[in-house]
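Following: one structure in structure tokens, then a few remarks.
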Amino acid sequence: MSEHPLSSESAPRPSVLARFKSLLDMVLRTICVSLFALLVVLVTWQVFTRLVLSNPSIWSEELARYVFIWLSLIGISIATGEKADVAIDYFVQKAPLAAQRVLEIVAYLATLTFALVVMVWGGYLNAAQTMHQLNPVLPISAGVLYLAVPISGVLLTFYLIYHLIRTLSPGYTGLEHIAAEDGVEL
Amino acid sequence: MNDVALVSAVMLGGMVVLMLIGAPISISIGLPSAISMILVLGLENGATTSAQRMFTGVNSFALLAIPFFVLAGGIMNNGGIATRLINLAKVLVGRTPAPLAQTNVLANMLFGSVSGSAIAAAAAVGTTMAPMQAREGYDKGFTAATNVASAPSGMVIPPSNLLIVYALASGGTSVGALFMAGYIPGILWGVACMAVVWFYARKHPELKAPVRSSLGELGRTFVQALPSLTLVVVVIGGIIGGFFTATEASAIAVVYALLLGFLYRAIKIKDLPHILYNAARTSSVVIFLIGVSSIMSFVMSFTKIPQLIAETLLGFTDSKFVVLLIMMVVLLIIGIPLDATPAILIFTPIFLPIAMQYGIDPVHFGIMMTFNLCIAVISPPSAPVLFVGAQVAGVKVESVIGRLMPFFLALVAVLLLVTFVPALSLWLPGLFGLL
Amino acid sequence: SSGTDAGASETDGSSEEAVSTTTFKVAFNQQPNHPQYIALDAMGDRIKERTNGAYDLEVFPNETLGAQKETIELVQSGTIEFAMVAAPLLENYNPDFVVFNLPFTFDSQDHQRETTNDPEIVSELYASLDDQNLRVLGSFHGGIRSMYNSIKPIVTPADMEGMKIRVIESETNIEMMELMGATGTPMGMGDVYTAIQSGVIDGAENNELTYANVKHTEVAPYYSYTKHLMLPDYLISNPSVMDGLPEDVQEIFAEEIAAAVEEEGALWKTEIEVSKEKAIADGAKFNEVDEEAFAEAIAPLTQSKLTNDFIKDIHAKVRAAAK
Ligand code: NA
Ligand code: NA
């Protein structure tokens, strides 16, 4: 398991950025694990209330959907942080080191553009527009729920900038990829 | 019409370039889609609507089944379920030629019928089977190839996350109908692999080491595997019987697998955060991809590109047979660089409206597409199951590819059957009144 | 591309010959054979003719532009111009919209059409969303919902004792079901068939059109005319769309929307007969119920939801117009 993707080359004293990253990693992981556990409980509860109690819960499905979206959008930022997002790196790995660095930078910039324009800006506008729209069963406005997109965008932006800096650093050794058994099945 | 040309160029060009330079698949789909949106709607509206589509595209209770089935797979992978299914497979096909290879195929099918992950199957079953086969003198490349080729059968045999992705991408095809439709083609997938192993065994008589087992042993292994197999009854029976939705069934699968894991003393409470975290990370990547793909499918509806392709195609041929053949070949080729999920997300909004114009049933189309693209997960360069399979068998990917060729041919033959004989997919769901 | 049939129509001289056609997108969630789709599509044709090809409508059926809830947001942001949405969704924007979503508010389809399109009654309510970039342009008929189940014909609330009935996910609907004597079970429409088949629930409630279309006739053959809900569907738009049109074109739109509401109502009546025949052929049995007993049972709900004078007043006006 590649728990510490950076450990191989970590300097004696990790930078402020690296220390912030590991703190953020820890916080986000804890959130993910808690949300996922909550999700299992919510849906099991829903089945229980309908089949056993004969008194179906009306809010569990709605709440479960939003927990799921928040979980997924936070999850994608850590996946990006750990470089566990899926890409076709076959051609890039065949390229010489200098070209690999350029291609990696372009790919990061493309992702950054998406994160900033669509997720942070578009997501913020979308949340602002729906801030007064009520939810039929939950006491939260649609806009608050929609905030998952811009928040995920900000987290993604941090991880992307972190990777960009590492790609630009003199110690660049080429494209990293995570171990096969940690690979993501699409 | 200008919009259509512009959007087509941006989508096609953007996707190909971004994928080739190694950008994440999700961004390769999402960025050109968002740019198209902005070209059609203006900067502010385009960005807002893209963000809205990303969110609402995954705001579906049906999709929750994906993280749950991934989690259930992760628990089963650690929970001693694979071992018991392998033991059962061994006594069932132990008398055939090349018994351990046949065991591997059957174990993957059994594992697949309780989980929806080909990677989990290839890892869990392969890790146990590869050393056993090495001791008995099986060729390592062949061992890995057998495991790799048969692992995706579990993505066609329900439960299957790919079928859930298709259900969503197709605009709400019944998951229950798709699940029932997957059984026969999924079993045929396994049968095709068994046939290849059988031919191989004829040329390798030294592998004829039949594992004889008594009736008592058969009974004992069956009883041991029974709790694991009961999961099929609970999950599929629960969905078909209408007791719960596919999503609820997937949550029940998690709870059930967890209880088994505790019962078998294979899982401890302190392992749970790690298992949960890995499943969350894996499914997030898939869910994010689905979210950005819904930007693409919105652009497609907005600009009516699929209708345009359909009209062009209809002017070219009115034969259902020809259209199916064209789609089959396109999907086979597209599956080489792409994985199954992105391919389903990209091509369902384009191909399904066309297929429906030719009178093809969306359930049949979904099974044909899924079967086709499951071949993609073992075709390099983008072939996660192949990489995992090679790794657990301790061989280089290159030495597996050659051994995979006969399997590819057999699977393509079955694909032709699945494509042109709709009854293989539609008979079972029809029997249960799900169509 | 076909704006050349202009000139021939001399209805209004306003927009002369159109250089290019402005096509407004309309989001719709059902199939193209639905009365609302047919009426909207015909409305587009008439508008195009009357504006000499300057304006046209394109209706996107089958949720191709998203689910109803999402298309409201697309109208707000200006991504699309129109959407047809179920009335309860607007309660999320202004809770006062609940007033037309209460049981036994309308006595007939005609009563509903006339009151929910009467400026005297609705103009203030329909314009209340202007500051949220939404406006209701017209209220269409969305069918009359009655109870159907797999066990027996329902005649009085007592017959529903112990039954589990699928409802739309909302507090009001679950409360309503309780008052009628049953248990309300929220569930996605797609799961209802198998749930009734296996006995997880005993029935559901909907109009005859949907009942026959989704083949619930096969598993729940007893359709009892409780006629408890008659929810309108609203054609909504962004106020800036209408306000941005020349005044004579605004007039044309208003007239044609009114015509479409009438046409849809007429189409619905014939469509219901066809659906009912189809359902009977599939084995469904229709029966009348003790309407007064149900009205009495649900009355407390209606009263508890009329929480302010504004909607009490609207409700009173609607009831006064009955018969
Ligand atoms: Na499976
Ligand atoms: Na591939």
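Data table
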| item | result |
| --- | --- |
| Residue match in segment B:355-378 (condition: away from ligand 1 (no atom under 16 Å from the Cβ), on the phi > 0 side of the Ramachandran plot and small (Gly, Ala, Ser)) | yes |
| Segments classed as helices (runs of 4 or more DSSP H), wholly inside segment C:210-323, with at least 3 members that are among the aliphatic types (A, V, I, L, M) | C:247-281, C:291-305, C:309-320 |
| Some residue of segment B:33-52 being within 8 Å of another protein chain (Cβ to nearest Cβ), within 21 Å of the chain's Cα centre (by Cα), over 27 Å from B:Phe142 (Cα atoms) and not acidic (Asp, Glu) | no |
| Any chance B:Gly176 is part of a loop (DSSP other than H, G, I, E, B), within 16 Å of ligand 1 (Cβ to nearest atom) and modelled with pLDDT under 90 | no |
| Selection count where residues are more than 20 Å from C:Thr115 (Cβ to Cβ), crowded, with 17+ Cβ neighbours inside 10 Å and either in contact with a Leu (Cβ under 9 Å, 6 or more places away or on another chain) or of a type outside the set (D, E, K, R) (or both), scope segment C:246-266 | 3 |
| Residue check, B:Ser294 out of contact with any strand residue (DSSP E or B) (no Cβ under 7 Å at 6 or more places or on another chain), open to solvent by less than 30 Å² (accessible area, probe 1.4 Å) and of a type in the set (Ser, Thr, Tyr) | yes |
| Residue pairs meeting the criteria (Cβ under 7 Å; at least 6 apart or on separate chains; first within 11 Å of chain A (Cβ to nearest Cβ), in segment B:330-341; second open to solvent by 10 Å² or more (accessible area, probe 1.4 Å) and near ligand 2 (Cβ under 6 Å from one of its atoms)) | B:Ile336/B:Ser379; B:Pro337/B:Ser382; B:Leu338/B:Ser382; B:Asp339/B:Ser382 |
| Check on A:Ala18, modelled with pLDDT of 95 or more and open to solvent by less than 80 Å² (accessible area, probe 1.4 Å) | no |
| Any hit, segment B:229-248, residues being polar (S, T, N, Q), open to solvent by 10 Å² or more (accessible area, probe 1.4 Å) and part of a helix (DSSP H, G or I) | yes |
| Some residue of segment B:114-126 being in a helix (DSSP H, G or I), away from ligand 2 (no atom under 16 Å from the Cβ) and within 17 Å of B:Ala195 (Cβ to Cβ) | no |
| Matching option when the condition is open to solvent by 50 Å² or more (accessible area, probe 1.4 Å), part of a helix (DSSP H, G or I) and either basic (Lys, Arg) or modelled with pLDDT of 90 or more (or both), among A:Leu28, A:Leu38 | A:Leu38 |
| Test set (1) surrounded by 24 or more Cβ atoms within 10 Å (Cβ to Cβ); (2) under 27 Å from C:Phe97 (Cβ atoms) - C:Lys227 fails condition number | (1) |
| Counted residues, segment B:58-112 - those being over 30 Å from B:Lys270 (Cβ atoms), open to solvent by 10 Å² or more (accessible area, probe 1.4 Å) and among the small types (Gly, Ala, Ser) | 2 |
| Test: A:Glu104 is open to solvent by 10 Å² or more (accessible area, probe 1.4 Å) and touching a residue at least 24 places away in the same chain (Cβ under 8 Å) | yes |
| Members of segment C:148-168 found to be modelled with pLDDT of 95 or more and either in contact with a His (Cβ under 8 Å, 6 or more places away or on another chain) or closer than 20 Å to C:Gln30 by Cβ (or both), listed by number | C:Tyr148 |
| Scan of segment B:379-415 for residues that are of a type in the set (Val, Ile, Thr) and either at pLDDT 85 or above or within 16 Å of ligand 1 (Cβ to nearest atom) (or both), ordered by number | B:Val385, B:Val392, B:Val395, B:Val400, B:Ile401, B:Val412, B:Val414 |
| Any chance A:Leu164 is of a type outside the set (D, E, K, R), in contact (Cβ under 8 Å) with a residue 12 or more places away in the chain and closer than 28 Å to B:Thr282 by Cβ | yes |
| Residues of segment A:107-133 that turn out to be within 30 Å of A:Ile58 (Cβ to Cβ), surrounded by 15 or more Cβ atoms within 10 Å (Cβ to Cβ) and among the aliphatic types (A, V, I, L, M), as a count | 1 |
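Here is a yes/no grid of residues against (1) away from ligand 2 (no atom under 16 Å from the Cβ); (2) open to solvent by less than 10 Å² (accessible area, probe 1.4 Å):
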site	(1), (2)
B:Pro362	yes, no
B:Phe365	yes, yes
B:Phe371	no, yes
B:Val388	no, yes
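The values are calculated or read from the model by the stated rules, or taken from the named source; none is laboratory data. This is a predicted model, so every value here is computed, not measured. Here the Cβ is made from the backbone with ideal geometry for all residues, glycine too, and neighbour counts use every protein chain on show. Please note that ligands, DNA and RNA were not included when accessible areas were found on the heavy atoms of the full protein model with its side chains. Shrake-Rupley method; radii C 1.70, N 1.55, O 1.52, S 1.80 Å.
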